[in-house]
Structure formats: structure tokens, C-alpha cells
1. Look at residue 49 and say whether it is aliphatic (A, V, I, L, M), more than 23 Å from residue 237 (Cα to Cα) and in a helix (DSSP H, G or I).
2. Pairs under 6 Å by beta carbon, first residue touching a residue at least 60 places away in the same chain (Cβ under 8 Å) and within 13 Å of the ligand (Cβ to nearest atom) in the stretch 213-234, partner part of a loop (DSSP other than H, G, I, E, B) and open to solvent by less than 10 Å² (accessible area, probe 1.4 Å), six or more apart or different chains?
3. Those residues that are open to solvent by less than 50 Å² (accessible area, probe 1.4 Å) and within 14 Å of the ligand (Cβ to nearest atom), I need them from the stretch 162-176; list them, please.
4. Please report, ordered by residue number, the helices (runs of 4 or more DSSP H) entirely within the stretch 71-148 with at least 1 residues that are among the β-branched types (Val, Ile, Thr) and free of Cβ contacts under 8 Å to residues at least 60 places away in the same chain.
5. For the subset of the stretch 236-248 comprising residues that are open to solvent by less than 10 Å² (accessible area, probe 1.4 Å) and under 26 Å from residue 93 (Cβ atoms), which member is farthest from the ligand (Cβ to nearest atom)?
6. Just checking, which of 179, 142 is open to solvent by 30 Å² or more (accessible area, probe 1.4 Å) and within 26 Å of residue 58 (Cα to Cα)?
7. Six or more apart or on different chains, Cβ atoms under 6 Å: show the pairs whose first residue is in the stretch 154-173 and more than 16 Å from residue 232 (Cα to Cα) and whose second is near the ligand (Cβ under 9 Å from one of its atoms).
8. Kindly evaluate residue 181 against the criterion of being modelled with pLDDT of 95 or more and more than 15 Å from the chain's Cα centre (by Cα).
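The values are calculated or read from the model by the stated rules, or taken from the named source; none is laboratory data. Everything numeric in this text was worked out from a predicted model, so none of it was measured. When we count neighbours, we look across all protein chains shown, and the Cβ atoms used for this are built from the backbone with ideal geometry, even at glycine. Remember, those area values only see protein heavy atoms, side chains included, never the ligands or the DNA or RNA. Shrake-Rupley method; radii C 1.70, N 1.55, O 1.52, S 1.80 Å.
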Amino acid sequence: PVLKELVGLSNLEEKIRRFYGLQKVVVVPGNCEESPLSKRELGKAGAKALLGVMHGGDVVAVTGGTTLAEMAEQLTYPLNGPLKGSWFVPARGGLGESLEIQANTIASNMAKRVGADYRLLHVPDLLSREAYESLVHDPNIQEIVREIRTARIIVHGIGNAVDMARRRKLDEETTSGLQEKGAVAESFGYYFDESGNVVHNMLTLGLRLDDIKAADVVLGIAGGKSKAKAIHAVLRFGQEDILVIDEAAALEIVRDL
Ligand code: G3H
């Protein structure tokens, strides 16, 4: 039965990989929304996939979220020594997450776990246009933003648009605006509709869409049946290379292929 299960999972991986033309898809057993153990496995698989593509001198930009936090937790010290000369940076500035799951926290935790360096981007949440304009011209911020924008690898979570809007305490007007525009997914602070078009962008600093397009490796990680629609949308955006998901999400995704 174990072998059968593994064959089942690799069939799912291959179907999704082919349909979206991805480099690699990893499906872990179970449902993250129901089991912390599955979430741990998802984090572990994400950590393994990241170490598989990283080498010295890399800049890795990471987003926030509980899935990325679990992935950081599961990163283990590389067998062939620390990843010296590599940098972990947050993909974008403040998005309204609590400290434990902010991109800055994830970047520093991941770096410490693999012996790499990190740099943080301190941009307050819910920036006003005026605050944004002045931060954009700050030389220290400009320097770190420049580095973030050169990221060779981007690691990101994927969320449901409305769930993320609530978690980040967006005001009612913005949230209902998102719904009107058909937003189903959120990732990197960008909101996407079902076809993968960006319909809203959080006002912050860091990675831009062009940088995501220019990166060598974009690694998305997410789990749970309820995220299937959001994952489809981000895959239709078309920049993903590696996708790490759980079985519950995978089963739901292949139903729509
Ligand atoms: O952008 C999406 C979110 O960061 C996903 O958050 O991993 O806590 O579901 P989560």
C-alpha cells in the first residue's frame, strides 16, 4: 500500500508538472489544513527542494506566511558545509503579518539554519503614498531593495485572496474591491484573478513583477484543499518553476485540468 500511495503521488506530480510546464512538482501525503504533521512534511519537502537548487553566492528572496515559517523550521544544515556568501532577503516589505511569519523573520531564520547571511528590509505596514515616496528615496533602503531585486531564487507562499486580505487587516473597501476584481490568490503582496492577472498590488517596496520574471528559480509552496484555486491562479501567472504542495491541494488541482 505504501508503494501504491507513492505511485499515486508521483502521478499527481507528473500531471500537474506537464499541464503547467513546470520544472518540478513535489506532492507530500495528506492535508496540511487538517494535520500539523502534513504541514511539517510540506515544509521539509520545500526545504529539500530549495537546498537542491541553491549554491554559494545566491540571493534568495522569501515571502512570509505560516508555510514559509514551517519550511524555515525544517531547513537543515547542508551536509557539504555552510552556504557562505549566500544571502537571504525578504521578498517585499511590510505586508501586515505578525512578527513570527513576516518575511524578515523567515529570511533571518533560514539564513541562520544553513550558515548563510541575511539582510532585512524595514518598511512599515500600511504605507501611505507620502511615506512610500520618501522611503523610496532613502539611500539605505534603496541599497537593500537593489539587492532584493537581483534575487536568483524566489521562495513564496500562496494564499486565498480574501483570507489574506483579512489576515493583513486590509480595510473593507479594499477587500470588497478585490472581490469585485475577481481576486482569488495572493502571493508576494500581489493579488491575482483566476486567469493569473494581477488585479491589486500592496503598496510596499522590494521585488517587482519584472524581477519575478527575471529570477532563475521561482519556488512556490502551499497546502490544503482550499488553496487549489489560488494555486491554479498563480500557476497561470506563469512564472513558477518548482511547486511543492500537499496531496489535498493536488487532488483538487487535477480535477480542473
Ligand atoms: O502569500 C501567501 C501567504 O503568505 C500564505 O500564508 O502559508 O500562512 O497560508 P500561509
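1. Working: aliphatic (A, V, I, L, M): yes; more than 23 Å from residue 237 (Cα to Cα): no; in a helix (DSSP H, G or I): yes.
In short, no.
2. 220/158; 222/158; 230/158; 231/158; 234/158
3. To start, the set of residues in the stretch 162-176 that are open to solvent by less than 50 Å² (accessible area, probe 1.4 Å) comprises 162, 164-165, 168, 170, 174-176.
Result: 162, 164, 165, 168, 170.
4. Details: elements: 103-114, 129-136, 139-148.
So the answer is 103-114, 139-148.
5. Looking only at the stretch 236-248, we keep the residues that are open to solvent by less than 10 Å² (accessible area, probe 1.4 Å), and these are 242-246.
With under 26 Å from residue 93 (Cβ atoms) added as a condition, the list becomes 242-244.
Working: 242: 16, 243: 14, 244: 12 Å.
That would be 242.
6. On the way: 179 fails: within 26 Å of residue 58 (Cα to Cα).
The conditions single out 142.
7. 164/186; 168/95
8. Values: modelled with pLDDT of 95 or more: yes; more than 15 Å from the chain's Cα centre (by Cα): yes.
For residue 181, the condition - modelled with pLDDT of 95 or more and more than 15 Å from the chain's Cα centre (by Cα) - is met.
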